[in-house]
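A short worksheet on the structure shown next.
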Amino acid sequence: MLRLLTIIGARPQIIKAAAISRAVQNVFADKIEERILHTGQHYDTNMSQVFFDELGIPQPHYNLGVGSGSHGAQTAKMIAGIEQVLLGEQLDGIILYGDTNSTLAGAVAASKLHVPVFHIEAGLRSFNMTMPEEINRIVCDQLSNICFAPTQTAVDNLRREGFMDSPATFRDGRKRRICNCGDVMYDNSIYFASMARQHTAILQDLGLTPGKYILATIHRDNNTDSPQRLNSILQALADISRQDHIPVVLPLHPRTRKILESNPASSESAKAILVVPPASFFEINMLEQNARIVMTDSGGVQKEAFFFEKPCVILRPETEWVEIVDHGAGIIADADYNRILSAYRQLADHPVSFPHLFGDAHAAEKILQTILDYFQS
């Protein structure tokens with residue numbers, strides 16, 4: 001029986017972990033035992049526990065309760081806590097997701113103890129080294145025994161960086177592997193789409209008509225911590241809402257809400273926007289499925305919009321999901337007022353295509369089978 005530790009800490013990782021846990025339970029129950037460690041990076045009930053409850057993920061065996069803090073302090077606490085768990089458990093490997101401080105901490109702690117690291121969403125690159133996420137994903141890829149790339153573009157990024165010809169050798173002489181497995185978020189979006197329609201009445205609760213509202217999300221530090229950028233985004237959203245007589249729904253992280261409330265200009269723009277508490281997984285799934293257009297600085301929400309064939313205005317200066325932009329389904333507008341309005345108008349007025357780019361909705365099974373094969377080789 002292979003014993004794997006799944007490390008999660010933030011909302012997107014909890015959701016991604018649902019696909020892996022489901023595949024362990026339904027396909028590999030006789031071959032893999034999964035343990036779950038929650039770092040506590042996201043600790044608010046609406047940002048964490050609700051996703052375990054909705055998605056049927058087993059409760060964590062460990063919760064470090066790290067909470068918020070500076071990048072260095074938070075990551076250091078995580079490394080120390082993860083190290084203690086790894087020293088106390090007989091584990092064959094750890095599974096990491098994405099690009100958060102929890103991802104970085106898990107990779108550092110495990111690699112120092114020669115515990116194999118399996119990175120889901122490897123190879124993503126924004127090429128913006130001012131982003132903490134870019135640093136985290138690059139370091140994690142370098143320390144990973146298997147890099148699970150969700151798209152061909154991610155594989156190509158790893159190839160350009162020399163991963164295919166790397167002389168790196170891990171414990172027992174094993175070489176690093178690269179696997180184009182598809183995207184576990186696509187697995188989840190397809191699996192939970194119909195379930196969401198049965199488990200939430202958020203459209204009715206908010207008085208929304210399918211196809212006649214905009215979904216917006218803002219959470220990245222460079223947007224929320226900059227009054228100028230936040231004001232620009234909110235002003236654009238407010239003006240679009242007023243000019244087109246279309247509601248803009250903005251589920252807001254508690255931290256961002258506090259920043260908004262302390263900023264008079266942002267608070268004024270927000271009056272024209274439907275600001276709601278953080279949405280649960282089923283709620284955001286329904287909002288994505290039925291929006292006319294999505295506007296976001298979230299990489300995960302960009303993809304989910306694509307899965308549900310919704311055009312996306314990207315509120316960042318770049319994206320690691322370049323396929324969405326290359327196919328005209330997303331436009332990078334950053335926090336520029338005029339670019340946001342222009343991108344919205346272009347996507348609202350022209351047809352958009354959504355080719356299949358993210359696998360076949362069975363990425364989790366491929367990932368676990370590849371891990372099994374790694375130990376049997």
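The values are calculated or read from the model by the stated rules, or taken from the named source; none is laboratory data. Just so you know, these numbers come straight off a predicted model, no measurement behind them. Cβ: placed from backbone, ideal geometry, glycine included. Neighbour counts: every protein chain shown.
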Of the residues Ser111, Ser126, Ser189, which is touching a residue at least 24 places away in the same chain (Cβ under 8 Å), surrounded by 23 or more Cβ atoms within 10 Å (Cβ to Cβ) and not assigned by TED's automatic domain parsing to the domain that holds Glu318? Ser189
Helices (runs of 4 or more DSSP H) fully within region 175-236 counting 3 or more residues that are closer than 23 Å to Asn285 by Cβ and out of contact with any strand residue (DSSP E or B) (no Cβ under 8 Å at 6 or more places or on another chain): 184-199, 202-206
Counting just the residues of region 53-81 that are among the hydrophobic types (A, V, I, L, M, F, W, C) and farther than 11 Å from Gly9 by Cα, which one comes out modelled with the lowest pLDDT? Leu55
Selection within region 82-105 - assigned to a helix (DSSP H, G or I) and either touching a Pro at 6+ places or on another chain (Cβ under 9 Å) or of a type outside the set (D, E, K, R) (or both): Ile82, Gln84, Val85, Leu86, Leu87, Gly88, Asn101, Ser102, Thr103, Leu104, Ala105
With the structure loaded, tell me whether Glu268 is assigned to a helix (DSSP H, G or I) and surrounded by fewer than 17 Cβ atoms within 10 Å (Cβ to Cβ) or whether it fails that test. yes
For Val108, which of the numbered conditions (1) within 20 Å of Ala73 (Cβ to Cβ); (2) in a loop (DSSP other than H, G, I, E, B); (3) not small (Gly, Ala, Ser) fails to hold? (2)
Out of the residues in region 77-99 that are within 23 Å of Arg160 (Cα to Cα) and either out of contact with any Ser or Thr (no Cβ under 8 Å at 6 or more places or on another chain) or among the hydrophobic types (A, V, I, L, M, F, W, C) (or both), state the one that is surrounded by the fewest Cβ atoms within 10 Å (Cβ to Cβ). Gly98
Give me a count of the residues in region 146-182 that are in contact with a Ser or Thr (Cβ under 9 Å, 6 or more places away or on another chain) and of a type outside the set (Phe, Trp, Tyr). 9
